[in-house]
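Here's the structure we're looking at; comments come further down.
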Amino acid sequence: MSKHASLVHARDMRGPVPAPAPKLEVADLLVAYLEQLGVDYVFGVPGGAIEPIYNALARSARRGGPRPVVARHEAGAAFMADGYTRETGKLGVCCATSGPGATNLITGVACAYDNGIPMLVLTGQPVLPAFGKRALQESACTGVNTLAMFRHCTRYNSLVSHPEQMEAKLTAALMCAMRSPRGPVHLSIPLDILRSAVPQSATSYDLRRLLQPAPMIDETAVELLAREVRQAKHIVMLVGGWCGEAAGAILQFAAQTGARIVATPDGKGLVSPRHPLFRGVFGFAGHASADAALRDKSVDLILAVGTSMGEWTSAGWSDSLLNSRLIHIDECEDHFARSPMAKLHVRGRILTVFERLGERVRELQPAQGAAAAAGEQDAALEAELAGEEKRDSDAVPILPQRLMRDLGRLFPPSTRFLADAGNSVAWAIHCLRPQDRRMSERRLPGERKSTSGRRKTDGGWLRVTMDFAPMGWAIGGAVGTALGNPEVPVVCITGDGSMLMNGQELSVAVAENLTVIYIVLNDAALGMVKHGQRLAGAERIAHSLPRTDFAALARALGADAFTVRRPDELGALDMTAICSRKGPTLIDVHIDGEEVPPMNLRMRALGTLL
């Protein structure tokens with residue numbers, strides 16, 4: 001046997017040479033950290049500059065880790081990440097390719113920024129050696145500078161220019177996203193960096209430990225707050241949208257002290273409309289009963305909790321709230337800039353503040369007359385809900401007030417409602433009132449207990465956007481909500497204008513078999529524009545839309561769909577079957593477009609109300 005043959009024979013005796021271990025890339029490291037945090041989905045639209053992220057997600061999905069959800073437009077991906085975070089309390093993640101993919105994300109990211117939603121935003125770039133050579137969709141500092149664009153709507157914003165930066169910049173970004181003031185963070189990563197090899201040991205840090213919520217609190221301020229509460233005879237609490245995890249403790253405090261409760265528009269979903277101490281919504285589309293509760297001369301203490309004091313949440317900076325009786329309690333110090341007249345600012349994690357406060361005022365008895373609160377609440381609120389005759393009207397086309405009443409009655413208690421910008425949110429804030437909503441320290445039906453160690457972000461039964469308020473947010477947000485909790489129905493209340501702008505995301509609900517019910521308020525108009533022009537005495541122009549068959553569009557996309565023109569047609573639908581179906585349903589509701597939504601606050605802020 002030749003020497004060469006004997007060597008071959010010896011190799012054969014050893015068996016096959018083991019395959020080399022698969023190379024790990026920076027993109028795999030990124031996805032490994034998402035998996036460590038319990039992230040389930042990455043919402044986005046793929047492209048060449050982020051191909052390694054999708055390769056890493058494919059490998060991740062095969063082992064049961066995070067997987068991609070393909071949006072139909074990048075703004076929809078950001079809206080989905082927003083909805084997912086509100087439902088689960090986990091980090092929302094969205095991604096887009098360089099150039100126009102990144103710019104398409106910006107509206108959704110800006111919405112998350114203004115609403116304090118933690119989000120990781122990932123965008124791609126061409127390979128570093130191509131910078132400055134007008135590479136396709138180049139959009140870093142040497143092209144159309146998307147990095148500069150994101151600077152104004154993120155809490156952290158950076159280009160990853162070396163593989164060794166990835167872990168440090170990702171950690172810094174996520175700490176900014178998840179700590180007050182919370183919001184979206186952005187990393188832009190060139191293609192060659194994403195492809196770069198990393199050591200097999202992968203993750204170096206335990207981000208779950210780093211991102212644990214800290215019981216941050218100003219003990220001196222809490223002691224001063226407790227003293228004010230002990231001395232007060234009549235308290236009103238304004239519950240804002242940032243109170244999510246503390247809602248149970250806040251309601252317990254209200255029961256302990258007999259404090260009346262009003263809510264901001266984004267805080268409405270955290271309190272049962274039938275709570276005996278509830279006096280309605282204060283702010284945009286709110287109730288006179290809420291304003292009256294704050295203006296009551298006998299009230300000597302107002303506690304505003306977890307609210308930004310913006311236009312919609314302060315009723316246009318109303319002096320019924322912003323006065324010397326006010327104490328502002330918030331985790332975000334930025335919010336205090338709009339309440340300088342308050343007698344006290346209490347900064348800290350709201351749940352911790354109310355736990356400490358409860359310990360200090362445990363001896364208090366509810367204020368005199370609190371036992372009569374239930375009857376007082378019914379008398380105050382029933383008169384505010386647009387009039388009994390309109391809520392019960394059988395008129396054709398359907399009155400929006402009647403539609404909101406029926407939606408509250410037809411869907412089960414576990415339903416998550418999302419209301420879109422425009423008339424949809426105005427009617428929902430003012431009129432939507434679920435028939436059976438028992439809020440307590442217990443979880444809502446269908447709500448899963450968080451086992452991640454993360455702060456649970458309870459969005460409540462109604463979710464809306466404040467301040468930035470883009471049309472179509474709820475259409476994508478409903479997809480993210482349903483993916484975050486597929487055990488409950490999700491209802492998106494949207495308008496025909498929003499549906500024409502972002503309705504393509506319905507196709508994602510079809511692809512993912514999600515129980516999302518889209519209620520389209522169809523009045524062939526940009527309704528808030530139309531009514532705003534009338535209320536202002538402006539030219540009546542540029543608000544009309546062609547009458548569109550949204551049921552036909554939904555069926556073309558693969559959804560079930562119905563057209564409703566009369567109140568009895570809505571009541572005749574089998575909502576049990578619709579809420580059990582694994583797939584979306586669209587209900588195209590022809591409403592009376594002549595009904596003026598409760599939008600006077602907005603007109604006053606614009607200075608155009610006649």
Query - Count - residues of segment 294-317 that are modelled with pLDDT under 95 and assigned to a strand (DSSP E or B) - result: 0
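Here's the yes/no breakdown for (1) in contact with a Cys (Cβ under 6 Å, 6 or more places away or on another chain); (2) open to solvent by 20 Å² or more (accessible area, probe 1.4 Å); (3) closer than 21 Å to THR576 by Cα:
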position	(1), (2), (3)
THR481	no, no, yes
GLY495	no, no, no
SER498	no, no, no
SER507	no, yes, no
THR515	no, no, yes
GLY527	no, no, no
Query raised in the report: Considering segment 128-150 alone, what residues qualify as being open to solvent by less than 50 Å² (accessible area, probe 1.4 Å) and either part of a loop (DSSP other than H, G, I, E, B) or over 19 Å from GLY108 (Cβ atoms) (or both)?
Result: ALA130, PHE131, ALA135, GLU138, SER139, ALA140, GLY143
**Report entry** Scan of segment 116-151 for residues that are at pLDDT 85 or above and touching a Gly at 6+ places or on another chain (Cβ under 8 Å), ordered by number
**Finding:** GLY116, ILE117, PRO118, MET119, LEU120, LEU122, THR123, GLY124, VAL144, THR146
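Give the residues of segment 72-109 that are in contact with a Cys (Cβ under 8 Å, 6 or more places away or on another chain) and farther than 22 Å from VAL488 by Cβ, sorted by residue number.
Passing the criteria: GLU74, ALA77, ALA78, LEU105, ILE106, GLY108, VAL109.
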Query raised in the report: Scanning segment 318-341 for residues that are in a loop (DSSP other than H, G, I, E, B), touching a residue at least 24 places away in the same chain (Cβ under 8 Å) and out of contact with any Pro (no Cβ under 9 Å at 6 or more places or on another chain), which turns out surrounded by the most Cβ atoms within 10 Å (Cβ to Cβ)?
Result: LEU321
Query raised in the report: For residues in segment 271-293 being assigned to a helix (DSSP H, G or I), of a type in the set (A, V, I, L, M, F, W, C) and touching a strand residue (DSSP E or B) at 6+ places or on another chain (Cβ under 6 Å), which is farthest from PRO597 (Cα to Cα)?
Result: ALA293
Query raised in the report: Looking at segment 235-249, which of its residues are more than 20 Å from PHE417 (Cα to Cα) and touching a strand residue (DSSP E or B) at 6+ places or on another chain (Cβ under 6 Å)?
Result: ILE235, VAL236, MET237, LEU238
Report summary line: Over segment 45-86, the set of residues aromatic (Phe, Trp, Tyr) and within 14 Å of LEU122 (Cβ to Cβ) is TYR54
**Report entry** segment 388-399 residues that are under 10 Å from ARG566 (Cα atoms) and assigned to a loop (DSSP other than H, G, I, E, B), paired with ones that are open to solvent by 20 Å² or more (accessible area, probe 1.4 Å) and modelled with pLDDT of 95 or more (beta carbon under 7 Å, 6 or more apart)
**Finding:** ALA395/ASP592; VAL396/ARG565; VAL396/ARG566; PRO397/ARG565; PRO397/HIS590; PRO397/ASP592; LEU399/ASP592
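Considering only residues that are hydrophobic (A, V, I, L, M, F, W, C) and in contact with a Phe, Trp or Tyr (Cβ under 7 Å, 6 or more places away or on another chain), look in segment 268-309 and name the one that is farthest from SER414 (Cα to Cα).
Quick first cut of segment 268-309, residues hydrophobic (A, V, I, L, M, F, W, C) only: 270-271, 277-278, 281-282, 284-285, 288, 290, 292-294, 299, 301-305, 309.
In the following step, the residues that additionally are in contact with a Phe, Trp or Tyr (Cβ under 7 Å, 6 or more places away or on another chain) were identified as 271, 284, 290, 294.
Values: VAL271: 14, PHE284: 25, ALA290: 26, LEU294: 31 Å.
The extreme case among them is LEU294.
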Query raised in the report: Does segment 425-483 hold any residues that are small (Gly, Ala, Ser) and either at pLDDT 60 or above or touching a His at 6+ places or on another chain (Cβ under 7 Å) (or both), and which are they?
Result: ALA426, ALA428, GLY459, GLY460, ALA469, GLY472, ALA474, GLY476, GLY477, ALA478, GLY480, ALA482
Report summary line: Going through segment 541-551 in order, the residues found to be over 13 Å from GLY593 (Cβ atoms) and not acidic (Asp, Glu) are ILE541, ALA542, PRO546, THR548, PHE550, ALA551
Report summary line: Turns out the strands (runs of 3 or more DSSP E) fully within segment 33-97 with at least 3 residues that are in contact (Cβ under 8 Å) with a residue 12 or more places away in the chain and either open to solvent by 20 Å² or more (accessible area, probe 1.4 Å) or charged (D, E, K, R) (or both) are 67-70
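Every residue, every condition in (1) touching a residue at least 60 places away in the same chain (Cβ under 8 Å); (2) touching a His at 6+ places or on another chain (Cβ under 8 Å); (3) outside any strand (DSSP E or B), yes or no:
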| site | (1), (2), (3) |
| --- | --- |
| THR171 | no, no, yes |
| CYS176 | no, no, yes |
| VAL185 | yes, no, no |
| SER188 | yes, no, no |
| THR203 | yes, no, yes |
| PRO213 | yes, no, yes |
| ALA226 | yes, no, yes |
**Report entry** Number of the exception - GLN256 against (1) more than 26 Å from the chain's Cα centre (by Cα); (2) closer than 23 Å to SER324 by Cα; (3) outside any strand (DSSP E or B)
**Finding:** (2)
Report task. Exactly one condition in (1) touching a residue at least 40 places away in the same chain (Cβ under 8 Å); (2) of a type in the set (S, T, N, Q); (3) more than 28 Å from ALA421 (Cα to Cα) is not met by THR220; state its number. Result -> (1)
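The values are calculated or read from the model by the stated rules, or taken from the named source; none is laboratory data. Keep in mind it's a predicted model, so treat the numbers as computed, not measured. For neighbour counting, all protein chains shown are included, and Cβ atoms are generated from backbone atoms with ideal geometry for every residue, glycine included. SASA here: full protein model, heavy atoms, side chains in, ligands and nucleic acids out. Shrake-Rupley method; radii C 1.70, N 1.55, O 1.52, S 1.80 Å.
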